[in-house]
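I have placed the structure first, in the form of structure tokens, so that the comments after it can refer back to it.
The values are calculated or read from the model by the stated rules, or taken from the named source; none is laboratory data. No experiment lies behind these values; they were computed from the predicted model shown. Here Cβ is always computed from backbone atoms with ideal geometry, including for glycine, and neighbour counts include all displayed protein chains.
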Amino acid sequence: MAGDDRVGLRHGAGGRAMRALIEDVFLALATPVDGIGLAALDDGAAIRLGDEWLVITTDSHVVHPIFFPGGDIGRLSVCGTVNDLAMMGATEPIGLTCAVIVEEGFSRSDLERIRDSILAASREAGAPIVTGDTKVMGKGELDGIVLNTAGVGLARRVVSDAGLHPGDRILVTGTIGDHGLAIMTRRHDLRLEGDLRSDVAPLNGLVRGALAAGGEDVVAMKDPTRGGLASVLHEMAGKAKVGIVLEEQAVPVSPEVRAAGEVLGIDPLLVANEGKAVIGVRPGAEGRVLAALRAHPLGRKAAVVGTAIAERPGSVILDTGFGKRLLAEIEGEPLPRIC
Amino acid sequence: MPDLLSEMKFRDPARARALAEALAREVKAIGRAPIPLMHVCGSHEQAIARFGLRAVLPRELEVIMGPGCPVCITDTPEVDEAVALAADGKVVCTYGDMLKLPGTVKSLADAQADGGRVEVIYSASQAVELARKEPSREVVFFASGFETTAVATAAVVLSGTPGNFSILSTHKYVPSAMEVVAEMEETNIEGFIAAGHAAIITGWGIFEPFARRTGTPVVVAGFEPLDILAAILKCVELIREGRPEVANCYPRCVTREGNRAAQEKLWKVFEVADGVWRGIATVPRGNLELRPEWDHLNARRRFRIDTSRVGGLEKNVLAEQCLCGSIMSGLASPKDCKLFGKECRPETPVGACMVSSEGACKIWHMYGGVPDLRGVG
Amino acid sequence: MCLGVPGKVLSVDGLTAVVDFFGVTRELRLDIVDEPVQPGDYVLNHVGFAIRRIPPEEVQETLALFDAILKVAAADDLMAADVKGEIAAGGEKGKPRA
């Protein structure tokens, strides 16, 4: 079997294997900081700067296809970084970097199309691109294009992903599974046609509103990218040492995404979202935070979907409406079932 | 759009609760425990696990998964044949689930990593298209699955295939396995839940002689939560009334005669033969092999397949501790296996049950086994 | 074997149909379905082949079937309740008090 002396694709898929790789190989790079550093394995780092926090995050983007319904790698990069900053409480980015590695032979017009997307997303989020880097690698040495973005922002209050206590309520800001299933129906040779679109969007405005409404009662935030809602809930449960009960029927899923998931045998709870956030709030605060989310165009379908509990710390329990079961974390890419 | 919404009616929690309560009463009326029922379909196990149905079934009722995972019961020599073909330069097309199934030493995924051409397909017709696109390569379709899937293979054969296309058939016939399990002394199964999609093709009539002969009721079930609960309830009713009959709880899809056109195609191309099902040993009439008139499409006739080159003669030590056989016959559950969750995990499977999305071990691992979560949260 | 979501046929061209699964469409082969299939029909998919045309009225019939099964179970319970009632009225001789 493929042993652990080689890096496998599963190590990049956002699930348990990836966390294991990070913990085994990269965690050794961590040094203590005054704030949230590498060791916390959060969406970014937060370092105390006077009476504020400097929030820093970085991401590399290797999505295929490069252009997909609803967006492209450019938009994905900007939103990904803006959202990571927002998840830690920095909703007004000071600046983003944009480093590009391009394969020899890459189309110039595609590159410009990506640049236009980056610009549009940057403006939408109010996050200026302030510096960058460009490299070209030989044909076949790289698959098309890789983008890396880093972001910097200031936050008055840092929200980690480890702050849940038993009793806290869990909200999602909108429909789940959109990005992952949109990509899935395009990428594999499944012969599916559909209208599924990625939800890729900058969330800083939405989060700003939620934080204004919830204040200190917002105790945990994370965006469910690779690995999906399931992965985020596992992380939150594990880091805070609580259990989480998720009400499956309360999770908003669009009918098209649900159908695509059924056809492919893939659970929307396990695939990536690029324009949604998971927010944990103290009991009693969910009403006003929900109202603030729903008042924003990106949060119309926001919903309360679960609760943190004291039992079974680290576990995520799915209440299907019929019975309860454990919600799994995927290992590697979810593959369509024989269907 | 009415269709999805209608199907959603088959997920109505209120009706589900009513069915579960009725089930509890029926089981109490029978007054003994355990009452073992067996289903023979990976998709049923998927649905049961996915919707957490075991948490609402009465504790006296055991719903056991029998040999219903087409990947799991594909024998190691059959995988070795496919691996050998890939190693020998043929393009092997396979359904995704078979990719990681371990042979004696290697899986098709390993063969791919070693430089062999292995293509994952989602429909038999894709294999034929591939053969047409690459006329200079020999393309072999590793045809796995039960009779429902075999019908698709038959359709593809009958609509004409190019000269470089052949089939390595590992199709299996479930009713024969039900006979084997029913005859095992240790199992004591009191009722069978039959797979709805296979019954669409075969019809429910084929179970009548089986029910009479074995004295066990058989209920055909669909795959939505209500379908399954209603079928289980019907089965328990028949047990209570001592009626070894066949009942159809999937009338929207299944009829007594089944799909005659599909059956004709199936038996034009395939015939039953005694076979070895992984972990269960011999199942008389359990395999579906290409009829002699299709020898020219039969990879086993067309090529000399030498599995010794891919470890066909080696011993696999871990595999000897694997409990898949007993699990597939319903004699053990995944938690009974020492390797479950440790040496045998989805990313490092030892046994077939951990490879396939229809395998009991994979499903249990993914959905956390059968922990009693009734009181939680 | 799989959980097939019934799809709605959008168009038919000889032995292939384009089927809509609530917004996601796929081509299916019609070689093995045993009835003629027309746009507007619902079909069940298995590995890229339609294996059954589902008559729309069947959904209601199935729900009625479930309700019938429930009624039988309930009726038995009513009988059991009657019997229990008789026993209780006659006094539970020889049984230990709860």
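Quick grid of which residues meet (1) assigned to a strand (DSSP E or B); (2) assigned by TED's automatic domain parsing to the domain that holds A:Ala210; (3) in contact with an Asp or Glu (Cβ under 9 Å, 6 or more places away or on another chain); (4) at pLDDT 95 or above:
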position	(1), (2), (3), (4)
A:Val78	no, no, yes, yes
A:Asn83	no, no, yes, yes
A:Thr91	no, no, no, yes
A:Ile94	yes, no, no, yes
A:Cys98	yes, no, yes, yes
A:Ser117	no, no, yes, yes
A:Ala120	no, no, no, yes
A:Arg123	no, no, no, yes
A:Gly132	yes, no, no, no
Regarding C:Thr25, is this residue touching a strand residue (DSSP E or B) at 6+ places or on another chain (Cβ under 6 Å) and either farther than 30 Å from B:Lys268 by Cα or at the interface with chain B (Cβ under 7 Å from one of its Cβ atoms) (or both)? yes
Tell me yes or no: at least one residue of region B:106-124 is closer than 16 Å to B:Gly311 by Cα, touching a residue at least 24 places away in the same chain (Cβ under 8 Å) and among the hydroxyl-bearing types (Ser, Thr, Tyr).
yes
So the strands (runs of 3 or more DSSP E) completely within region A:163-223 holding 1 or more residues that are within 14 Å of chain C (Cβ to nearest Cβ) are A:192-194
Residues of region B:330-350 being in contact (Cβ under 8 Å) with a residue 40 or more places away in the chain, under 22 Å from B:Val180 (Cα atoms) and surrounded by 24 or more Cβ atoms within 10 Å (Cβ to Cβ), in sequence order, are B:Gly330
When B:Asn164 is run through (1) modelled with pLDDT of 95 or more; (2) surrounded by fewer than 24 Cβ atoms within 10 Å (Cβ to Cβ); (3) within 12 Å of chain C (Cβ to nearest Cβ), the failure sits at (3)
Checking A:Phe106, A:Phe26 in turn, the sole residue that is aromatic (Phe, Trp, Tyr) and part of a loop (DSSP other than H, G, I, E, B) turns out to be A:Phe106
Picked from region B:123-161 (must be crowded, with 24+ Cβ neighbours inside 10 Å, small (Gly, Ala, Ser) and not in a helix (DSSP H, G or I)), the residue modelled with the highest pLDDT is B:Ala143
Filtering region B:47-82 down to residues that are closer than 25 Å to B:Gly103 by Cβ and within 14 Å of chain A (Cβ to nearest Cβ) yields B:Gly68, B:Cys69, B:Pro70, B:Val71, B:Cys72, B:Thr74
Given the conditions (1) basic (Lys, Arg); (2) at pLDDT 85 or above; (3) outside the structural domain of B:Gly89 (by TED's automatic domain parsing), every one holds for B:Arg374 apart from (2)
So the strands (runs of 3 or more DSSP E) completely within region B:215-306 holding 1 or more residues that are in contact (Cβ under 8 Å) with a residue 24 or more places away in the chain and of a type in the set (Phe, Trp, Tyr) are B:270-277
Counting only residues that are touching a Lys or Arg at 6+ places or on another chain (Cβ under 6 Å) and surrounded by fewer than 18 Cβ atoms within 10 Å (Cβ to Cβ), region B:203-243 contains a total of 1
Just one listed residue, out of A:Val25, A:Val100, A:Val82, A:Val63, is surrounded by fewer than 23 Cβ atoms within 10 Å (Cβ to Cβ) and within 27 Å of A:Met236 (Cβ to Cβ), and it is A:Val25
